[in-house]
């Protein structure tokens, strides 16, 4: 049986609209993880200035490029190269302490470095006003 064109479009819209909130949250988390990994690659390669340039507007409003490069080089350089990084958790949030309300994904990685067997990296991408996920925070312990 052939479905008329306008009916098939309606069916497609209904199917797309039936995505559960879990599916939507998973899609957001996947996009944020992708952005975090791209950003971490810049940091891993020592491209600290470029990591600042590609960070969220909020990140750049909190710390200037020179200060960021000074801090991150002092933290990352002594650890050596990344040997292994495994994502250990992902949490979607719309509110975080000390940050404006918005869409965030807090991602933790268990990371082995050349000079540190196990570190825990926390990378927090946020959805910028232009709809693009960019890193708004980075912590390592």
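When the strands (runs of 3 or more DSSP E) confined to the range 56-141 are screened for residues that are closer than 15 Å to residue 34 by Cα and more than 14 Å from the chain's Cα centre (by Cα), those reaching at least 1 such residues are found at 82-93. The numbered conditions (1) in contact with a helix residue (DSSP H, G or I) (Cβ under 9 Å, 6 or more places away or on another chain); (2) exposed (fewer than 13 other Cβ atoms within 10 Å of the Cβ) are all true for residue 104 except (2). For residue 117, indicate whether it is surrounded by 16 or more Cβ atoms within 10 Å (Cβ to Cβ) and over 22 Å from residue 59 (Cα atoms). The answer is no for residue 117.
When the range 31-56 is examined, which residues are found to be exposed (fewer than 13 other Cβ atoms within 10 Å of the Cβ) and over 21 Å from residue 78 (Cα atoms)? Selection gives 34, 53.
When residue 109 is tested against (1) more than 14 Å from residue 139 (Cβ to Cβ); (2) modelled with pLDDT of 95 or more; (3) in contact with a strand residue (DSSP E or B) (Cβ under 7 Å, 6 or more places away or on another chain), exactly one condition is not met: (1). For the range 39-55, the set of residues classified as assigned to a loop (DSSP other than H, G, I, E, B) and on the phi < 0 side of the Ramachandran plot consists of 45, 47, 54, 55, listed by residue number.
The values are calculated or read from the model by the stated rules, or taken from the named source; none is laboratory data. Just so you know, these numbers come straight off a predicted model, no measurement behind them. Every residue, glycine among them, receives a Cβ derived from its backbone with ideal geometry; neighbour counts consider all protein chains shown.
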